[in-house]
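To start, the structure itself, in structure tokens.
Rule-based calculations on the coordinates, nothing more; no lab input. Note that the structure is a prediction, hence the values are computed from the model and not measured. With ideal geometry, Cβ positions are generated from the backbone for all residues, glycine too; neighbour counts draw on all protein chains shown.
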Amino acid sequence: AYPFPEELLREKSSQTPLCAVHWMNKATPDVRAESAVLELVKCDSDSLPMLISQGKIKPGREIQKNVDVSINHSSLKTPNEEQTRALKAAMNKNNRFVLIWVPPGTGKSVTGVRLAYLFAKANASGKQVLYSGPSNKSVDVVTEKLKQLKVKVVRIYSEQIVQQFYPIPNFASRKQSN
């Protein structure tokens, strides 16, 4: 941390202020990113997140040609070439992880639906699939699409969202009471 400049603390009534200080809260995405980095510090040095962050494991790019990623359902459009490549890379057992990073509006949520569906189908023996997203809205979209595909879904909301829509009378949440 840098020390606060002493010149700014001295009162000079005859002059105009040297500066103005405004405190701004961090944006929610920045808080989440910072929390993720702090959690990463707690990881074992050989854990997958730590190895990925250190660049020791690169995202999988190997595409398995014979992987069937088709889903015949009227609620889903046919994936484009890039989405199909991403799906095949993600479904390849040789890739420990696949990073899908594209601009807004390019079909990430629908691709997420397809992946969650394909993983659920591949893990039909009882294993579960966890899907998380950058916003409640994105997870809501995926949840609704998975329900249309007849996938059993348990949607978990944060305490803040639950309190917003289902407030308990005369009850202060933990965050409010601290």
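For region 22-27, putting each phi into the Karplus relation 6.51 cos²θ - 1.76 cosθ + 1.60 with θ = phi - 60° gives couplings of 10, 8, 10, 5, 6, 5 Hz, in residue order, rounded to whole numbers and with x for Gly and Pro. Listed by chain and number, the lysines whose C-alpha is less than 23 Å from the C-alpha of K58, apart from same-chain residues fewer than 8 away, are K42, K88, K93, K108.
For region 117-123, 3J(HN,Hα) computed residue by residue from phi via the Karplus equation (6.51, -1.76, 1.60; θ = phi - 60°) reads 5, 5, 5, 4, 5, 5, 9 Hz, glycine and proline entered as x. Proximity of backbone amide H atoms, modeled 1.01 Å from N, is registered between N92 and Q64 at under 5 Å, excluding neighbours fewer than 5 places apart on the same chain. Annotation: for a label point projected 7 angstrom from Cα along Cα→Cβ of A27, residues of region 101-140 with backbone N closer than 19 Å are 101-106, 133-139.
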